[in-house]
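Report on the structure given below.
The values are calculated or read from the model by the stated rules, or taken from the named source; none is laboratory data. Note that the structure is predicted; figures quoted are calculated from it, not measured. FYI the Cβ positions are ideal-geometry reconstructions off the backbone, even for glycines, and counts take in every protein chain you see. Note: accessible area is taken over every heavy atom of the protein model, side chains too, but ligands, DNA and RNA are not part of it. Shrake-Rupley method; radii C 1.70, N 1.55, O 1.52, S 1.80 Å.
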Amino acid sequence: MSSDKSQKNRSVLYISSILALLLVGFGLLTPTKMSKVVNAIFGFLTTDFGWLYLLSVAIFIIFVYGIAFSRFGNIKLGKDEDKPEFSKFQWFSMLFGGGMGIGLVFWSIAEPMMHYIAPPFGQGGTAEAMRTAMRVTFFHWGIHPWVLYAIGGIALAYFQYRKGLPQLISSAFYPLLGDKIYGPIGKTIDTLTVFATFFGVSTSLGLGSSQIATGIEYIWGIKATPGVTSAIIAVITILFTFATVSGLKKAMQFAANIKVWLSVAFMAFIFIFGGSVFILNTFTDTIGGYFQNFIGQTVWMGNIDWLKGWTIFYWAWWLACAPAVGQFVARVSKGRTIRECVVAVTLLPVGFSFIWLAIYGGAAFYLDKLSNGVIQAAVGADYTTALFVTLKQLPLYQITAPLAILLIIACFVALADSTTFVLAMLTSNGDMNPSKKLRGFWGLMEGAVTIMLILVGGKATLQTLQTASIASAFPFLFIMLIMCYSLYKGLQADHALEKKETTAKYSGAEPQAIPELE
């Protein structure tokens, strides 16, 4: 299974970069036309294919737990003799770290409050609406997204570390395509993967930059116009890209450390001063509601208009981010079994996310009641202010508000650092050490596309970002579905070979190789 055939082929880089540049140019030169296209795509995909996103994610859940607890569960993500590179504690810690990002910071208060004001069913502003809001928020940030990440991580780790193929999504199709993964079909798969990753990341960066701009306006009065938001993106992108190209690893590690420590500090601070008993009650009640409604909520289509802006958007966003997070999961899970990986990836970061959401969301509801609806009113007017309005109800606001902006910036930099690496790797035939110039190029492109989406979206920035994720993830949805079947075929052949080897060991016969995976 040599990957030599792919080393000199740069078609994925050329095609994806040219298309990205054309898209940026079209969006910046004709923003009105771009906005119309965005609205048309959003309406078409969410109205006609919303059911497909929901049903597909349900299939992914069945598939990933099915292989984990089947006879394939003990297959190692690596050679049989490979040992895990990281201890269980280190592995768990890195998976926890992978669950912290711009999205969680952005939505942890805004989403529960928005559902409370306008729930998917029932009357808003009631105690029942609050319980529904927290349960739905847990649902969106729970097991479902991490199932997608687990599939990506397992497929990449299995075919790279066990079968010696390049670290590319196309490698997961080897059982179906054979050496055709090095040809046009494989390159098409990788190009679509680049686009899904690219716009999924741009959505995250767009949300983060909007929150930074709003925080600056809320604290210092500088109006958060699309131009100001774009300027923030441009400055952070230039600084980050310079650090990447210059090889300032210590600076990037410093940003990652800031993200972790500030995240933990904010959780502790808000828990202590934001109504700890109420938060604990909320956490307990919401966990029960989450598991009680897990199956029904997964395929619920009772309010299509609400689903378009929330569940369908989230599932598309997670699909778009699956290659990037999957690369991370694969890298840290080498030497683990499939069962270990599935259980750890789909449960540990989820547990952290639930604690985070219960603390932030629970504190917001508690403080909103004490302040006679101040937080609710602010979120209704501008959801990007949610975090800063909540912090204002707590002690030490003059300190915590700037630190919150620092946390978002640190999340921005950490996300950009990891995803530019992934994009550079995907466009250099799976090279695990892509050039700094290529990483710098994708860093600048991420910033440019995010700015374009902000400028085109204007006041409707959220819908523009949602459309970018939904549209880019749509073709990747089919890739993921077929990839599951291909992975199953590979695992089936692997298990058959292992069974033959075991039989041969006791019979003295030579085992026959499995043709598909030779």
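Probe radius 1.4 Å, ligands and nucleic acids ignored: give me the carbon and sulfur share of the accessible area of the chain as a rounded percent.
Of the solvent-accessible surface of the chain, carbon and sulfur hold 66 percent.
Could you work out the mean projected area of the convex hull around the alpha carbons of segment 355-398, in square nanometres to one decimal?
3.1 nm²
With N set to the residue count of segment 248-347, report its C-alpha Rg divided by 2.2 N^0.38 Å to two decimal places.
For segment 248-347, the normalised Cα radius of gyration is 1.45.
Can you give the Rg/Rh ratio of segment 441-495, where Rg is from the C-alpha atoms and Rh is the Kirkwood radius?
We get a ratio of 1.27 for segment 441-495.
Which percent of Cα pairs goes in each bin when the distances of segment 98-248 are cut into 5 angstrom slices starting at zero?
Binned Cα distances yield the sequence 2, 8, 10, 12, 13, 14, 14, 10, 8, 5, 2, 0.
Just to confirm my numbers, what's the Cα centroid distance between segment 93-133 and segment 331-360 in Å?
Here the answer is 20 Å between Cα centres.
At what distance in nm do the modelled label points of THR284 and ALA460 sit from each other, each positioned 7 Å from its Cα along Cα→Cβ?
Label-label distance for THR284 and ALA460, simple model: 4.6 nm.
Have a look at GLY335, PHE138, THR427 and report the one farthest towards the positive end of the charge dipole of the chain, computed about the Cα centre with Cβ charges (Lys/Arg +1, Asp/Glu -1).
Toward the positive end, the furthest listed residue is THR427.
Using all alpha carbons of segment 1-159, what is the percent of pairwise distances in each 5 Å bin, ordered from the shortest bin to the longest?
1, 6, 8, 10, 13, 16, 16, 13, 8, 5, 2, 1, 0
State log₁₀ I(q)/I(0) for segment 98-182 at q = 0.21, 0.23 Å⁻¹ as given by the Debye formula over alpha-carbon point scatterers of equal weight, solvent excluded.
-0.91, -1.02
Per residue, what accessible area does segment 334-438 have, given a 1.4 Å probe and all protein chains present, in Å²?
Per-residue value: 34 Å².
What angle, in degrees between 0 and 90 and rounded to the nearest 10, separates the Cα long axis of helix 338-370 from the longest principal axis of the Cα atoms of the chain?
Here the helix axis deviates by roughly 0 degrees.
Enter the mean projected area of the convex hull around the alpha-carbon atoms of segment 46-89, in nm², rounded to one decimal.
If I average the Cα hull's projected area over directions, I get 5.2 nm².
Near LEU168, within a Cβ-to-Cβ distance under 12 Å, what is the net charge of the other residues, with Lys and Arg +1 and Asp and Glu -1?
Charge balance near LEU168 sits at -1.
Chymotrypsin sites (Phe, Trp or Tyr not before Pro), restricted to segment 421-463: which are DSSP loop and have at most 15 other Cβ atoms within 10 Å?
Passing both the DSSP loop test and the Cβ count: no residue.
Do me a favour and compute the ellipsoid semi-axes for the chain from its Cα gyration tensor, root of five times each eigenvalue, largest one first, whole Å.
38, 27, 22
Which value, in nm² and rounded to one decimal, describes the direction-averaged projected area of the C-alpha convex hull of segment 371-484?
Averaged projected hull area, Cα only: 10.6 nm².
Angle check, please: helix 249-273 long axis (alpha carbons) against the longest principal axis of the chain (alpha carbons), in degrees 0 to 90, nearest 10.
50 degrees
About the Cα centre of segment 162-244, what is the dipole size in debye to 20, counting +1 per Lys and Arg Cβ and -1 per Asp and Glu Cβ, all else neutral?
The dipole of segment 162-244 has a size of about 240 debye.
Please report, in whole Å³, the volume per residue of the convex hull around the C-alpha atoms of segment 162-201.
68 Å³
Would you report the distance distribution of C-alpha pairs in segment 295-428 as whole percents per 10 angstrom bin, up to the bin with the largest distance?
9, 24, 35, 24, 7, 0
Once the Cβ-Cβ distance between LYS180 and LYS223 is put in as r, and R0 is 56 Å, what FRET efficiency do you end up with, to the nearest 0.05?
That pair, LYS180 with LYS223, gives E of 0.55.
Given the DSSP H assignment, sum -39500 (n - 2.57) over each helix run of at least 4 residues in the chain and divide by its residue total; what's the result at 222 nm in deg cm²/dmol, nearest 500?
That calculation yields -26500 deg cm²/dmol at 222 nm.
Looking at this model, which pairs from LYS76/LYS500; LYS83/LYS250; LYS83/LYS187; LYS163/LYS187; LYS308/LYS369 are more than 21 angstrom apart at the alpha-carbon?
In this structure, LYS83/LYS250; LYS83/LYS187; LYS308/LYS369 exceed 21 Å between Cα atoms.
Using a 1.4 angstrom probe on the protein heavy atoms only, could you order PHE291, PHE60, PHE328 from most to least accessible area?
Final ranking, largest accessible area leading: PHE291, PHE328, PHE60.
Put +1 on the Cβ of each Lys and Arg and -1 on the Cβ of each Asp and Glu in segment 70-163; which of PHE89, PHE159, ALA127 then has its Cα farthest toward the positive end of the dipole?
PHE159
Pop the C-beta distance of PHE121 and SER435 into the FRET formula with R0 = 45 Å and round what comes out to the nearest 0.05.
0.30
Using only the alpha carbon atoms of segment 205-311, find the Kirkwood hydrodynamic radius as the inverse mean reciprocal pair distance, in angstroms to one decimal.
Computed over segment 205-311, the radius equals 18.1 Å.
Modelled label-to-label distance, ASP305 and LYS369, 7 Å Cα→beta-carbon offset: nm?
With each label point 7 Å from Cα toward Cβ, the separation is 3.0 nm.
LYS83 label point, 7 Å along Cα→Cβ, cut-off 15 Å on backbone N: hits in segment 323-357?
Residues 334-336 fall inside that zone.
Could you give the nm distance between label points at ASN257 and PHE478, where each point is 7 Å from its Cα heading toward the beta carbon?
4.8 nm
Translational diffusion coefficient of segment 297-367 at 10 °C, 1.306 mPa s, Stokes-Einstein with Kirkwood Rh over Cα pairs, in µm²/s as a whole number.
107 µm²/s
Let me make sure I get this right: for segment 167-231, a, b and c are the square roots of the gyration tensor eigenvalues over alpha carbons, sorted descending. Under 1.5 in a/c it's rounded, otherwise prolate if a/b > b/c, else oblate. Which is it?
prolate
Give, to the nearest whole percent, the P(r) tail of segment 17-69 beyond 18 angstrom, counting all Cα pairs.
59 percent
Please give the helix 226-246 orientation as an angle from the longest Cα principal axis of the chain, in degrees from 0 to 90, rounded to the nearest 10.
Between helix and principal axis, roughly 40 degrees.
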